[in-house]
Amino acid sequence: MSINSRQFLLVLRFILIIPVAILVWFLILYFGILVGGSAIELGTDLYCPGGLDSDSCELSWRRYAIEVVIATFAGISAVAVVLTAGLIAPLRKFEVCFTTFLVGTGIATYFASLDDSFIYAWIASLTAGAATTLIVKRRWSKTPDST
């Protein structure tokens, strides 16, 4: 029994969903650390020219800024991962997006259970992932190639 090229590409696209989704997640994580961390450090340098070690520097907003950056990029990564999985999937795009959302919810819940400081990232990623999944359902449920 031989497999033709169309079947091979179909199987290959399904196999590529997981590694590409993980790659997208890591790229957004890296981008968030780079951009968000740089913005927070710039703000720190503007308000504390002597650095955080100086006794005269009190930055009460820094902790909240870090939480906002983490939550923002957690939401962005949830959107990107769900969309990436749906775009790569050759068939059953909504089902793939929904499964990706469920797996991502489990992973996010695991990370949130490790440390309470990730609760805002958990909320942001679940909200963004659910919203993206619902939008995808409306969009891709109407196309003939979504089955």
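Read-outs throughout are calculated quantities, based only on the coordinates presented, and are distinct from any laboratory measurement. What you are looking at is a predicted structure, and each value in this text was computed from that prediction instead of being measured. Because the Cβ atoms are built from the backbone with ideal geometry, glycine has one as well, and the counts that use them run over all protein chains shown.
How big is the charge dipole of the range 78-147 about its Cα centre, in debye rounded to the nearest 20, if each Lys and Arg gets +1 on its Cβ and each Asp and Glu gets -1 on its Cβ?
Here the size comes out at about 460 debye.
Rounded to the nearest 20 debye, what is the charge dipole size of the chain about its Cα centre when +1 sits on each Lys and Arg Cβ and -1 on each Asp and Glu Cβ?
Details: 10 positive and 10 negative charges, 262 e Å.
The calculated dipole for the chain is roughly 1260 debye.
Rounded to the nearest 10 degrees, what's the angle between the helix 119-140 long axis and the longest principal axis of the chain, both from Cα atoms, 0 to 90?
For helix 119-140, the angle is close to 30 degrees.
With r as the distance between the Cβ atoms of Phe26 and Thr99 and R0 = 22 Å, compute the FRET efficiency 1/(1 + (r/R0)^6) and round to 0.05. Walk me through the numbers on the way to the answer.
On the way: r = 20 Å, r/R0 = 0.91.
The calculated FRET efficiency here is 0.65.
Per 0.36 nm of contour for each residue apart, how much would the distance between Ile123 and Val35 grow if the chain were fully extended, relative to their Cα-Cα spacing?
Numbers: separation 88, 0.36 × 88 = 31.68 nm, distance 2.13 nm.
Extra length available between Ile123 and Val35 comes to 29.6 nm.
Have a look at Phe8, Ala21, Ala128 and report the one farthest towards the positive end of the charge dipole of the chain, computed about the Cα centre with Cβ charges (Lys/Arg +1, Asp/Glu -1).
Ranked along the dipole, the leading option is Phe8.
Report the relative contact order of the chain, percent, no decimals, based on alpha-carbon pairs under 8 angstrom and at least 6 residues apart. Don't skip to the answer; put the middle values down first.
Values: 145 pairs, mean separation 40.0, N = 147.
Worked out over the chain, it gives 27 percent.
Translational diffusion coefficient of the chain at 10 °C, 1.306 mPa s, Stokes-Einstein with Kirkwood Rh over Cα pairs, in µm²/s as a whole number.
Rounded, D is 92 µm²/s.
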